[in-house]
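Bear in mind these aren't lab numbers, they're just calculated from the coordinates by the rules spelled out. Since we're looking at a predicted model, the values are computed, not measured. Glycine gets a Cβ as well: all are built from the backbone with ideal geometry, and neighbour counts include every protein chain shown.
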Protein chains: 4
Amino acid sequence: MQPQLESTHAIQTVSEQTSERWFEYPVRAQPHHTDYAGVVWHGSYIAWMEEARIECLRSLGVDYVDMVAMGCELPVIDLSIRYHRPVRLGMPVIIKTRISSMKGVRIQWDYRIQSPDDQSLFVTAQVTLVAIDREKGKIMRQLPAVVKDALAKLSSTSSS
Amino acid sequence: MQPQLESTHAIQTVSEQTSERWFEYPVRAQPHHTDYAGVVWHGSYIAWMEEARIECLRSLGVDYVDMVAMGCELPVIDLSIRYHRPVRLGMPVIIKTRISSMKGVRIQWDYRIQSPDDQSLFVTAQVTLVAIDREKGKIMRQLPAVVKDALAKLSSTSSS
Amino acid sequence: MQPQLESTHAIQTVSEQTSERWFEYPVRAQPHHTDYAGVVWHGSYIAWMEEARIECLRSLGVDYVDMVAMGCELPVIDLSIRYHRPVRLGMPVIIKTRISSMKGVRIQWDYRIQSPDDQSLFVTAQVTLVAIDREKGKIMRQLPAVVKDALAKLSSTSSS
Amino acid sequence: MQPQLESTHAIQTVSEQTSERWFEYPVRAQPHHTDYAGVVWHGSYIAWMEEARIECLRSLGVDYVDMVAMGCELPVIDLSIRYHRPVRLGMPVIIKTRISSMKGVRIQWDYRIQSPDDQSLFVTAQVTLVAIDREKGKIMRQLPAVVKDALAKLSSTSSS
């Protein structure tokens, strides 16, 4: 999985700007998310983070299913997560996410899982994705145009 | 797990009426719900059905966490599910549920998982819950008052 | 999903015999299987049952991955499950399964989830699979030869 | 969640030695572990790693359920994972784990997920646990005696 770093100059310009605003995805801790300790099992947050990421892309005009149909996938290649406080059964929380950096075809996302009133911080995390060509099973040289365009939009929005 | 059937007469009257209207809970098929076949894994629907049930109770004024805090749980004792068509990655669906019958402390729920336009039926299911006293680990003689009241409200609404 | 019932006569003969012996698959209840109540979440059993089924097929010489590579899948079309007693965190259990009937390309499996000493019965279930042609997305006319042969072996073993 | 670092000197001595040998826990990628891409979903590895950790403790004489019954839990407070290559449906893999460091009541585990022949490395990870007093909901001052003893044994084994 050695990335090929010949990404276009255009993308690198975009990547320096990225978003400063968080995308917010609300979730409630249901019984199937919890474990015997009465709190959300530590792996359940991974699913919430994936959902937030995909809905964030959708809000930017990128439908993940369309990307897959076009032959591109964005698997996770790296993930780190810190558990500050447990989320308990029934609690509503907000999954906050934003793209923190882009280098070529690598996209890094930051996460904060908080209470709706922002008073409690439960989890912080970082996730790195890389664009893969499904047929070849190889890392792509550059991001698909639809993702580029969406991120260009994101960049121009956050700078205004 | 032999149920004790000495439920009050009042409850039985309620139970004959139940709801005729469906509670609707929207969900989207995310990557973590799918399996290698590109469709939702057959066990993922069980989680969606639990979420819909708990949110349906919430819409009736019953907070599941409060019930647990009061010493009552509603575990599933019986579940049957029929898979008519697969839900594919990225598809939005509606989990429809309603209480179909109540006998003493047993509550039976019906499910239909459909496309938002009602044109496709993916799954039909039935789930039976029973009220358990957490401390004693035994089936309760009657439902907690908060559930009774909520279901009485449900009953009077559906008959109007 | 209307099945086409033109299965060969040979298969129907096999199907009347099926297995009388249970395949046994041991599992231990780990934290990620449990929920806030300290017992195995009701959906976790579905995963255990799938694992037992696939390992049972493997014991008969059918590698599920090979079947998929050959263009055949065996999705679940019907599942019913009864929860008799909860399995608690850390408990070892045995998933017992066997093919209870075959009609054309439909295979029905019975399940019993028990304690290793057979003294406690936790769950009973039935699951129906159907053979699907992956490319056409349609139910197959007959089971793939590798499955036929395996089940013929099963049949001759159980009658001896 | 600030840890109180007044652990005993005895434990710190143990912690400097830890194990150099890997505990090995075999797993097979089943359909419910995979996602639409035909490979193990990135969150499924978290469950495998938990299972390996609990079975490693069991091999050292520490039954996790007994610990919980005694009022101690070992929640994950930090996790980082790198995905080198995807595990595909049906592949058998070995989850290798060992305690890499102990500081007071913090236990850090290293992971390598490999093919049985050691030729392919799929995942590397680190997980940090901390001992919590269940009743007080606070970090413990020192590890429970049963864990201490087990780790002392581990230490003397690895140094011999």
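Residue by residue, what Karplus-based ³J(HN,Hα) values in Hz, rounded to whole numbers, does the range A:83-94 have, using 6.51, -1.76 and 1.60 with θ = phi - 60° and x for Gly and Pro?
9, 8, 9, x, 8, 9, 3, x, 6, x, 9, 10
Could you go through the range C:50-67 in sequence order and give the Karplus-derived ³J(HN,Hα) for each residue, using 6.51 cos²θ - 1.76 cosθ + 1.60 with θ = phi - 60°, rounded to whole Hz, and x for Gly and Pro?
3J(HN,Hα) across the range C:50-67, in whole Hz: 4, 4, 4, 5, 5, 6, 5, 4, 4, 5, 8, x, 9, 8, 4, 5, 4, 4.
Test of understanding: ordering D:L79, A:L57, B:L60 by Cβ neighbours within 10 Å, fewest first, what list do you get?
B:L60, A:L57, D:L79
Just in the range D:42-136: which chymotrypsin sites (Phe, Trp or Tyr not before Pro) are loop by DSSP and have at most 12 other Cβ atoms within 10 Å?
Filter output for the range D:42-136: empty list.
With 10 angstrom as the radius, rank D:E24, D:E50 by how many other C-beta atoms surround their C-beta, starting from the fewest.
With the sparsest Cβ surroundings first, the list reads D:E24, D:E50.
Whole angstrom only: what separates the Cα centroid of the range C:54-120 from the Cα centroid of the range A:60-134?
With the range C:54-120 and the range A:60-134 each reduced to a Cα centre, they are spaced 35 Å.
Determine, at each q value in 0.21 (inverse angstroms), the log₁₀ of I(q)/I(0) that the Debye formula gives when each Cα of the range B:13-152 is one equal point scatterer.
Rounded to two decimals, the profile gives -1.25.
So for B:V68, B:V40, fewest C-beta neighbours within 10 Å to most, what's the order?
Working: B:V68 18, B:V40 26.
Fewest-to-most ranking of B:V68, B:V40: B:V68, B:V40.
Counting alpha carbon pairs within less than 8 Å and at least 6 residues apart, what relative contact order, in whole percent, applies to the range A:9-159?
It rounds to 31 percent for the range A:9-159.
Work out the FRET efficiency for D:R28 and C:D149 from their Cβ-Cβ distance, taking R0 = 22 Å, and round it to the nearest 0.05. Let's see the in-between values first.
Details: r = 23 Å, r/R0 = 1.04.
Computed FRET efficiency for D:R28 and C:D149: 0.45.
Among the listed pairs B:K96/C:K103; C:K96/C:K153; A:K136/C:K148; B:K96/B:K153; A:K103/A:K136; A:K136/C:K138, give every one whose C-alpha distance is greater than 26 Å.
Numbers: B:K96/C:K103 32 Å; C:K96/C:K153 20 Å; A:K136/C:K148 35 Å; B:K96/B:K153 20 Å; A:K103/A:K136 21 Å; A:K136/C:K138 28 Å.
The pairs that break the limit, which is 26 Å between Cα atoms, are B:K96/C:K103; A:K136/C:K148; A:K136/C:K138.
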